Structure formats: structure tokens, C-alpha cells
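Here's the structure, in C-alpha cells; my notes come after.
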Amino acid sequence: MTLSANYAPTKTLGNGSTTVFSFDWNAISSNYIKVYFEDTITGVQTLQTAGFTIALGAVAGGTVTFSSAPTSSEYVIISRDVPASNNT
């Protein structure tokens, strides 16, 4: 699997009922996925470390599923952070 240098993190507004958010770029490993909530008023982003699961697609993309739906006062940002020294 290869990674494209051109990718854009996904940014989706929560609505209080949706728990599954998708992305369509390669990630290699769920360890490289970072999930943030961004406050819609202040723009402050907070890294999420619990309360969700990540499922990668067979070729590319995947989903982040939250145990509780993000509210309409926050964006869900899904990004990747692959170390430059990755041997995979």
C-alpha cells in the first residue's frame, strides 16, 4: 500500500445522532489515524484518544465509529500522522 502526499483530512460537522464518519485516503495502520473535535465557535481542536473505534478499508479509506454521537457544536476531523521514518 502506498501513501499519497496529496491528501486532505476530513472535516464533518457533528449532529448529535451520526456516530460513523468515513475517510477515503490510505492510512496503512489505524495507529496513524488522529481524531480531533474542533469547537465550531472557537476553532480549538482537541485530540480524542477514547470513545471511538477505527476500521480501515481493504484498499483505502475507512471509518471512525463513536460510542456517542458528536454534537452540532463540534466538527469531527480525521487525519493521518505517519512518521517520516516508517519502515512499512
Taking the range 64-81 and keeping only residues that are farther than 11 Å from Trp25 by Cα and not in a loop (DSSP other than H, G, I, E, B), one is left with Val64, Thr65, Phe66, Glu74, Tyr75, Val76, Ile77
Name the residue that is surrounded by the fewest Cβ atoms within 10 Å (Cβ to Cβ), counting only residues in the range 15-45 that are part of a strand (DSSP E or B) and among the acidic types (Asp, Glu). Asp39
Yes or no: Val82 more than 11 Å from the chain's Cα centre (by Cα) and either within 11 Å of Lys34 (Cβ to Cβ) or charged (D, E, K, R) (or both)? yes
When you look at Ala60, is it out of contact with any Leu (no Cβ under 8 Å at 6 or more places or on another chain), among the aliphatic types (A, V, I, L, M) and either open to solvent by 60 Å² or more (accessible area, probe 1.4 Å) or at pLDDT 95 or above (or both), yes or no? no
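The values are calculated or read from the model by the stated rules, or taken from the named source; none is laboratory data. Keep in mind it's a predicted model, so treat the numbers as computed, not measured. Here the Cβ is made from the backbone with ideal geometry for all residues, glycine too, and neighbour counts use every protein chain on show. What goes into the accessible areas is simple: the full protein's heavy atoms, side chains included, and nothing from ligands, DNA or RNA. Shrake-Rupley method; radii C 1.70, N 1.55, O 1.52, S 1.80 Å.
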